[in-house]
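Please treat every number below as a calculation from the coordinates, not as lab data. Keep in mind that what you see is a predicted model, and the values were worked out from it rather than measured. Please note: Cβ atoms are built from the backbone with ideal geometry, for glycine as well, and neighbour counts cover all protein chains shown.
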Amino acid sequence: MRKHEADDHITRAFREGTLIDLALARGALDALQRHKRAGIPVVEWRDGRAVLVPPEEIDTRSLQRTIEALARKSNGSKKSGRGTSRRRRSRK
């Protein structure tokens with residue numbers, strides 16, 4: 001990929017925003033899942049206040065649906081070099 005092609009790719013990603021939103025949502029999901037597994041509470045903003053959420057109450061379902069929707073949207077808007085689905089490699 002030539003430099004100007006890379007610049008165009010970056011410009012398009014910022015203009016569309018979907019790939020950036022997708023990356024942020026995946027990072028947030030990863031953080032919530034780690035907290036839940038480790039038994040560490042998280043802080044959420046609810047009704048204008050910071051609320052401590054115990055690990056057993058951490059719910060990631062709506063964030064997972066958001067990620068799925070963003071992934072579908074980004075697949076429709078353009079093809080990225082990395083792709084939006086994460087496939088696990090089989091270990092032998």
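Just a few scattered comments:
- Gyration tensor (Cα) of the range 3-77, equivalent ellipsoid semi-axes in angstrom: 31, 13, 12
- Summed residue charge, Cβ within 13 Å of Ile40's Cβ, Lys/Arg positive, Asp/Glu negative: +1
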